[in-house]
There are 2 protein chains.
Amino acid sequence: MPKPSHKDKLIQSALSEFHEFGFHATGVQSIVDRAGVPKGSFYNHFKSKDALGLEILDVYWSANQTARDTLTDCNRPALERIDTHLAAFSGSEFGCLVGNFSNEMANSEVFRDKLNSFYDTWLSGLSTCIKDGQSDGTIRKDDSPERLAEFIIGALEGAILVRKIDHKDTSLTGFRTSIQKFLST
Amino acid sequence: MPKPSHKDKLIQSALSEFHEFGFHATGVQSIVDRAGVPKGSFYNHFKSKDALGLEILDVYWSANQTARDTLTDCNRPALERIDTHLAAFSGSEFGCLVGNFSNEMANSEVFRDKLNSFYDTWLSGLSTCIKDGQSDGTIRKDDSPERLAEFIIGALEGAILVRKIDHKDTSLTGFRTSIQKFLST
């Protein structure tokens, strides 16, 4: 295996620091310290902390691709796909990076644009899955797939957010049961 | 009306700055600038930015007392009380300060303790209301009042969080309808 480059090390370090402490509370110094690379190296690879933040969001988003693929796996019942998808978000004591950045970076147009593109893709995958469940009669039809998907994504982000404080139900078991009840016919 | 004191001005300024930009992104300098008071005055009134942050949370929490009182107003049907309660959180483009601090300050025990005391009080009021609705048969009984309340608070915080990015449904109308459907028998 090739040795990780300085850039790789900076990305891994920034991902951990941003996730654990937040974007604004993390300085470039702590990122280079954790990465174990010289500070000068940072600006060889990234124009600014903002540029790195945007790249980190892409890395995090890509790492969750498998969880999103579950949603469009036609070989499994829709409700089961949704439950597996939600379960993928359990266990992180530092929350969801998309939610964390949504909170901290709502004032920045460039971050908002990126986050909106994520939410759009996410909504689309979840809506498709809900549509399948509505077609086969397992998911309620009194709301559009898009509205139900929007509700679930918000509810998931909020459940993860409150868990950062109360440390209850970090497995999201109760939350997932509530979502199944909410969607079932 | 008496002129607001330096302390009052600092509290109003910090409330606005923390709400709009977040805790970490706000410096003491921008708080005193917005308040229009000398910087020295800050440390006469507050030991640190953290101490001010804790005080601001209390101010924000107290300002929402009316919304919480709605939950225990026995003269109104439980579902209606919940809807009025949720409606009180609509319209803020900067999100809910309790949610915002939950995201940013989860690493601080003293902030976590305060936020947990808020969530406990909130859960208790909402659970009481749900219990009333379960007793008169208007709210489903297949989950405990506490579990349902926990789900709703998370879902509300998440809906508000995602609205900071997508700017859709800031009135929370769709969200409130979903909650009514979720709870109704």
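Derivation of every value follows stated rules applied to the coordinates shown; laboratory data play no part. Since the model is a prediction, treat every value here as computed from it, not as a measurement. Note: ideal-geometry Cβ built from the backbone for every residue, glycine included; neighbour counts use all protein chains shown.
A few remarks follow.
- Cα gyration tensor, the protein assembly as shown - rounded (a/c under 1.5), prolate or oblate: oblate
- Across peptide A:162-175, the mean count of Cβ atoms from other chains lying within 10 Å of each residue's own Cβ comes to 5.
- Tensor-based shape of the range B:64-183 (alpha-carbon gyration tensor, a/c under 1.5 rounded, otherwise prolate or oblate): oblate
- For the range A:86-185, trypsin sites (Lys or Arg not before Pro) are listed when DSSP marks them as loop and at most 15 other Cβ atoms sit within 10 Å of their Cβ; the list is A:Arg140, A:Lys141, A:Lys168.
- Computed [θ] at 222 nm, deg cm²/dmol, chain A (DSSP H ≥ 4; -39,500 (n - 2.57); rounded to nearest 500): -22500 deg cm²/dmol
- Peptide B:102-110 has a mean shielding of 6, counted as Cβ atoms of other protein chains within 10 Å of each residue's Cβ.
- Summing +1 for each Lys or Arg and -1 for each Asp or Glu among the other residues whose beta-carbon sits under 12 angstrom from that of B:Thr84 gives 0.
- Cross-link partners of A:Lys7 among lysines, defined as those whose alpha carbon lies under 16 angstrom from its own and excluding same-chain residues fewer than eight positions apart: A:Lys39, A:Lys47, A:Lys49.
- Local charge for B:Lys131 was computed over the other residues whose Cβ lies under 13 Å away, with Lys and Arg +1 and Asp and Glu -1, and equals 0.
- FRET efficiency for B:Ser135 and A:Thr177, using Cβ-Cβ distance with R0 set to 25 Å, rounded to 0.05: 0.65
- Candidate lysines for bridging to A:Lys141, where Cα separation is under 19 Å - those fewer than 8 sequence places away on the same chain excluded: A:Lys131, A:Lys181, B:Lys181
- Sites listed here are GluC sites (Glu not before Pro) in the range A:1-100 whose DSSP assignment is loop and whose Cβ has at most 14 other Cβ atoms within 10 Å: A:Glu93.
- Measuring from each Cβ of chain B to the axis that turns chain B onto chain A, the shortest distance belongs to B:Gly158, 1 (residue, then whole Å).
- Pairwise centroid distance, computed over Cα atoms, of the range A:171-185 with the range A:42-104, Å: 21 Å
- Sites B:Thr170 and B:Thr66 - FRET efficiency at Förster radius 25 Å, r taken between beta-carbons, to 0.05: 0.75
- Checking every one of the trypsin sites (Lys or Arg not before Pro) in the range A:31-83 against DSSP loop status and a limit of 13 other Cβ atoms within 10 Å picks out A:Lys47.
- Between copies, the label points of A:Ser90, set 7 Å from Cα on the Cα→Cβ line, lie 3.4 nm apart, reported in increasing order to one decimal in nanometres.
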